[in-house]
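Here the structure comes first, spelled out in structure tokens, and everything after it is commentary.
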Amino acid sequence: MSERMSERMSARDAIAAVTRDFTELPLPEGEFPEDGPLAWAGYDAARARATERTGETESVVPGVATIEGRPCVLVSFEFGFLGGSLGRRTGDRLEAAYETARERRLPLVSLIATGGSRMQEGVLALAQLQRVARQSALLREAGLPQIAVVRDPTTGGGWATLGAGADVVLALPGVQIGFAGSRVRPADADPAAYRAEGQLAAGQIDAIVRKEELRGVLAGWLTLLGGARPTGPAPVPEAFGTSGLPEDGWDAVSRARAAGRPRAEAYLDAYFPHRQALVGDRCGGVDPGMLCGFGLHAGASYAYAAQTGTATRPAGYRAAARLIRLADRLGIPVLTLIDTPGAANDAEAERAGQGAAIADAFAAVASARVPVTTLVIGEGGSGGALALTSPDRTWVTADSYFSVIAPELAAAILKRDASQVRPTASQLRLRPQDLVELGVARGVLGA
């Protein structure tokens, strides 16, 4: 049996994989016309066979659970019941789950395995997606997180609402994911695009998690997103070492560009004893040079968006904006680490909407109601760095600089030769101590 097929758990098996403490919600049934709202011949018989085969009376099992002590509302799909499809009664159960989450102020975790809307109920089944979308929007307005675990398969409207619409999307290895199911997609379609691994590479999911690790990963996310909120801004990270202040502008640039300088990973590892990543921009892109996620620092949850020293691509800005908006909605302060020579300016970046992506990052920071703390740990390259920089809570390390333009480019624009790059760097007043004097930064760390 393939790894993918082995993940086709029943709804109850999926629940058992993540918790031993599950209380099923009272199930709203109501009246149901013979053979459903379309009088589809044989529908009642098909439902009866599905119940006999699975022991369930619908395709979802909703309840309240604790996952390693973290309470949540848990919804598990039964793919063996008519392909886990959504019908009117499925919508009733999902609505009850969302309402319970709002009433009890609990996160919602969905263990999804569905082929989409139930054709035996026609457009009335399709309309259940609007109910789910509405309930999801209400949960977002209430500041409560939604976590999806994608099982095999997850396609159609179930993926496009409960799955892709969640704040954090996890998937089991090798599972089928996509809006188009296997029987309706083009015959020449690349099958890799419809697997968890392909969706992760395209920035559509956040992580692939093995079944035996799922409980711990979910507990971690529930702790980060559903726990107590910090009472103030993210504390400024400690700088590595004490290297003294740079003598001139070019010294600052050279130190910031040094290959051996500590990078974002080192700062994040020192700051967060536990952290989990959000991956991708949900628009088909991943920028490895932007690290986003949530972590615990001194027992409190903070969000982070960290540049790693490369030119930031559109997917990186969109991922960071996604992270900041989620943190803002959940009331979690944000930490940004700035380290980029600037925004990527190649043709591919332009085609991917670099300008709009940077604008989105600026807007996310500007509109955040939670405090944003920034530490410039390396290169602060123009607007590509400024887009993720706090306007009022920024610090700089002694091995950093921030400039409107790279000194080499400034010299070129001014028609100066290479010998003038160094004095041009000083004219730009980009040293960390210059930034404090100019009021751009509050202080220098590691001097």
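Computed values, structure above
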item	result
Qualifying residues in the range 194-225 (those that are in a loop (DSSP other than H, G, I, E, B) and either surrounded by fewer than 17 Cβ atoms within 10 Å (Cβ to Cβ) or on the phi > 0 side of the Ramachandran plot (or both)) - the one nearest to the chain's Cα centre (by Cα)	Gly203
Residues located in the range 303-324, provided they are β-branched (Val, Ile, Thr) and either touching a Leu at 6+ places or on another chain (Cβ under 8 Å) or outside any helix (DSSP H, G or I) (or both)	Thr308, Thr310, Thr312
Evaluation of Met9 against (1) more than 16 Å from Leu218 (Cβ to Cβ); (2) assigned to a loop (DSSP other than H, G, I, E, B) (one fails), failing number	(1)
Spans of helices (runs of 4 or more DSSP H) in the range 85-190 with at least 1 residues over 29 Å from Gly42 (Cα atoms) and assigned by TED's automatic domain parsing to the domain that holds Asp44	88-104, 128-141
Long-range neighbours under 6 Å by Cβ, at least six apart or interchain, first residue buried (at least 22 other Cβ atoms within 10 Å of the Cβ) within the range 358-384, second among the basic types (Lys, Arg) and part of a helix (DSSP H, G or I)	Ala364/Arg325
Matching option when the condition is more than 30 Å from Tyr194 (Cβ to Cβ), modelled with pLDDT of 95 or more and part of a loop (DSSP other than H, G, I, E, B), among Val236, Val253	Val236
Qualifying positions in the range 327-357 - closer than 28 Å to Leu224 by Cα, crowded, with 20+ Cβ neighbours inside 10 Å and not β-branched (Val, Ile, Thr)	Ala327, Asp328, Leu330, Pro333, Leu335, Leu337, Asp339, Ala357
Residues located in the range 14-25, provided they are free of Cβ contacts under 8 Å to residues at least 60 places away in the same chain and either closer than 11 Å to Ser76 by Cα or not charged (D, E, K, R) (or both)	Ala16, Phe22, Thr23, Glu24
Hits in the range 392-423 (condition: among the polar types (S, T, N, Q), in contact with a helix residue (DSSP H, G or I) (Cβ under 7 Å, 6 or more places away or on another chain) and surrounded by fewer than 22 Cβ atoms within 10 Å (Cβ to Cβ))	Gln420
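The values are calculated or read from the model by the stated rules, or taken from the named source; none is laboratory data. The structure displayed is predicted, hence computed values, not measured ones. Please note: Cβ atoms are built from the backbone with ideal geometry, for glycine as well, and neighbour counts cover all protein chains shown.
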